[in-house]
Amino acid sequence: MSDSLERLYQAVIAARDLDPATSRTARLFQRGPSKMAKKLAEEAIEVVIDAVNGKTDAVIRESADLLYNLTVLWASAGVRPADVWREMERREDLLGIAEKLPKPVKASKMAPAKSPPKATAVPAARRRIVALDGRSLRKRH
Ligand SMILES: N=c1c2ncn([C@@H]3O[C@H](COP(=O)(O)OP(=O)(O)OP(=O)(O)O)[C@@H](O)[C@H]3O)c2ncn1[C@@H]1O[C@H](COP(=O)(O)O)[C@@H](O)[C@H]1O
């Protein structure tokens, strides 16, 4: 997939300065990022509607349009496909590290927590009385 997106990106770069009358890509560049963003959002909505309605072939076609419009927006934003692949690889590496870390023990498999020693089990109200004891504060004034 990354190869075909790379080729599409190069085709988009090559087309951006063509005649807008004959090139859809050049027309999108002429109209600017907000038009590109609108097209991308429209294609995304078409994909999700077709997916929800179980129209598999339409999902495939609209996905190709979606990727085309995403590539156009990347080119306009100064993002290269390699930048995106790098971010994906970074996440893949992170996930690999996460998978190697020891799994957290489920609460149900943990030994029951020991109850605190009786001497420290002081009622909250009593601790508050000690904290609010103002005698030492009055001495400082
Ligand atoms: N890969 C694509 C590509 N994928 C999809 N599309 C077009 O984008 C359209 C999807 O957008 P829309 O649904 O908005 O199309 P629409 O319904 O006709 O509506 P309008 O855009 O006409 O308003 C599709 O119907 C395709 O015509 C593409 N247009 C161009 N490319 C490639 O881009 C490169 C540059 O081509 P030009 O833009 O023709 O110079 C070439 O390599 C092309 O193959």
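Checking the structure you have, find out if any residue of the range 15-25 is on the phi < 0 side of the Ramachandran plot and within 26 Å of the chain's Cα centre (by Cα).
The answer is no; no qualifying residue exists.
Would you please name the residue that is nearest to the ligand (Cβ to nearest atom), looking only at residues in the range 6-31 that are in contact with a helix residue (DSSP H, G or I) (Cβ under 7 Å, 6 or more places away or on another chain) and over 29 Å from residue 86 (Cβ atoms)?
23
Taking residue 13, is it closer than 16 Å to residue 77 by Cα, out of contact with any Pro (no Cβ under 6 Å at 6 or more places or on another chain) and at pLDDT 95 or above?
So residue 13 fits the description; yes.
Name the pairs whose Cβ atoms lie under 6 Å apart, with the first residue in the range 31-42 and within 8 Å of residue 69 (Cβ to Cβ), the second among the β-branched types (Val, Ile, Thr), and 6 or more positions between them or separate chains?
These pairs meet every condition: 36/72.
Counting just the residues of the range 59-84 that are polar (S, T, N, Q) and closer than 18 Å to residue 16 by Cβ, which one comes out farthest from the ligand (Cβ to nearest atom)?
Only one residue tops the list, namely 76.
Condition first: on the phi < 0 side of the Ramachandran plot, among the hydroxyl-bearing types (Ser, Thr, Tyr) and within 16 Å of the ligand (Cβ to nearest atom). Can you find one or more residues in the range 35-58 that meet it?
No, the range 35-58 contains no residue that is on the phi < 0 side of the Ramachandran plot, among the hydroxyl-bearing types (Ser, Thr, Tyr) and within 16 Å of the ligand (Cβ to nearest atom).
What is the one condition in (1) surrounded by 10 or more Cβ atoms within 10 Å (Cβ to Cβ); (2) modelled with pLDDT of 75 or more that residue 52 does not satisfy?
Evaluating residue 52 over (1) surrounded by 10 or more Cβ atoms within 10 Å (Cβ to Cβ); (2) modelled with pLDDT of 75 or more leaves (1) as the failure.
The values are calculated or read from the model by the stated rules, or taken from the named source; none is laboratory data. All values reported here derive from a predicted model rather than from experimental measurement. Ideal geometry is used to build each Cβ from the backbone, glycine not excepted, and the neighbour counts take in all protein chains shown.
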